[in-house]
Amino acid sequence: MTATHPTRTAERATGENPWLRRHATAGRSTPRLRLVCFPHAGGNAQLFHTWPLHLPADIELVAVRYPGRQERLAEPCATDMASLADAVTAALVPLLDRPVALFGHSMGSAVAYETALRLEERHSVVPRRLLVSARAAPHRVRRTGLHLRDDDELVAGVRRLGSYGSEVFDIPELRELLLPTLRADYRLIEDYRPASPTRPTRAPITAFLGTDDPGCDREAVLAWSELTRAGDFALRTYPGDHFYLAEREAELVADLTKDLEA
C-alpha cells in the first residue's frame, strides 16, 4: 500500500498519563494501529520524536516515558522490571481500543517483551507484533555488571556501544544530572531475570540488529525466535553499531511498517 505522511502535529500535551507521549496526526483522530516505543537504558522518549514523519498517517506513535528523566526528572527511576512493565501495561489500557504493536530498543526490548506478556495475560490483548532492537533474547543475555563500576567505567562501557548521545557526559553539569538515571537503568536491566522457563508470547517477533554492534551476539538475538508461539519470526540487520537506528531511522521505520502490514 502507498502511504501518505501528512504534517504531524507536536506530541499531544496530555494529562492522560505521565508514562506515555502520544504523537497525533493532523486531520486524523482515530488511528488504526498504535506503535508503542520503549527507549534504551539512559534514553528517553525523544529518541522517537521524528518517527511519525516516516509512519503511515493511520499509525499513531506512542513513546514510553520512563521516570527519572525529562518531564519526570524529579521522580525516582524504576528499580525493577516487574514494576516498570506493570506500570506501562496499566498506562496502555485506555489505548487498547485499537491494535497495538510494541517496539523496544536495547533495554526497551526487554520492557516491551514483559509488557507484551502482561497485555496477553491480563487483558487478552496480543500485540500485532513485538519488535525488538539491539538486544539479545532475555534467556541469552550476558551481563556486564556495569552498574557496579565507577562513573568513568560506566560511561566508557556505554561509549563502547556507540557514540550516539554520549557527548552529554563531557559536560560536567549534564554528567552529574544524567549519570544516576543511567546507572539506575543499568541496574534494572542487569538485575532482570526472565521467568524460568522463559515464557513465549503469542505475538510474532521481528528482531533488528546493527551489524557492528559490540553489545549483541547475532546468535543471541536470533534466540528471540524461541519466544514466539506465532511461528513468525524475522531478523533484519543494518550497517552500524548499537545505535544504528539513529542513522537508519527512515529505513528502519519503513521496514517495521512492512512487518506490521504483513
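Computed from the coordinates by the stated procedures, all read-outs in this text should not be read as laboratory data. Keep in mind that what you see is a predicted model, and the values were worked out from it rather than measured. Virtual Cβ from ideal backbone geometry, glycine too; neighbours counted across all protein chains shown.
Between ARG160 and LEU96, the FRET efficiency from the beta-carbon distance, with R0 = 51 Å, is close to 0.85.
Only the Cβ atoms of Lys and Arg (+1) and of Asp and Glu (-1) were treated as charged; on that basis the dipole of the chain about its Cα centre amounts to roughly 800 debye.
Using only the C-alpha atoms, the convex hull of the range 33-167 corresponds to 130 Å³ per residue. Shape of the range 203-262 from its Cα gyration tensor (a ≥ b ≥ c, root eigenvalues): rounded if a/c is under 1.5, otherwise prolate when a/b > b/c, or oblate? Oblate, because a/c is 1.5 or more while a/b does not exceed b/c. When ILE171, ILE205 are arranged by Cβ crowding within 10 Å, least crowded first, meaning fewest neighbours, the order is ILE171, ILE205. Among beta bridges from DSSP that stay inside the range 8-261, the antiparallel ones total about 20%.
For the pair LEU179 and ALA262 in one chain, pulling the backbone fully straight at 0.36 nm per residue adds 25.8 nm over the alpha carbon distance. Extending 7 Å from the Cα toward the beta-carbon at both ASP58 and ARG202 defines two label points whose distance is 2.4 nm. By the beta-carbon count within 10 Å of each Cβ, the least crowded to most crowded order of ASP170, ASP86, fewest first, is ASP170, ASP86.
Sorting 115-128, 146-159 by their mean Cβ neighbour count within 10 Å, with the most densely packed peptide first, gives 115-128, 146-159. Among SER225, SER163, sorting on how many other beta-carbon atoms sit within 10 Å of each Cβ, with the fewest leading, yields SER163, SER225.
Can you tell me the length gained on complete extension of the stretch ALA82 to GLU219, counting 0.36 nm per residue apart and subtracting the Cα distance? Present the calculation step by step, with values, prior to reporting the outcome.
On the way: separation 137, 0.36 × 137 = 49.32 nm, distance 2.63 nm.
Net length gain for the segment: 46.7 nm.
From the alpha carbon centroid of the range 46-123 to that of the range 233-262 is 18 Å.
Averaging the sequence gap over all C-alpha pairs within less than 8 Å and six or more residues apart, then dividing by the number of residues, gives the chain a relative contact order of 18 percent.
Does the chain come out rounded, prolate or oblate by the C-alpha gyration tensor, with a ≥ b ≥ c the root eigenvalues, rounded set by a/c under 1.5 and, if not, prolate when a/b is larger than b/c and oblate if not? Rounded shape, in that the Cα axes give a/c under 1.5. Membrane-span-like helices in the chain, defined here as complete DSSP H runs extending at least 15 Å along the helix axis by their C-alpha atoms with mean Kyte-Doolittle hydropathy no lower than 0.0, are 81-92; this is a sequence and geometry rule, not a statement about a membrane.
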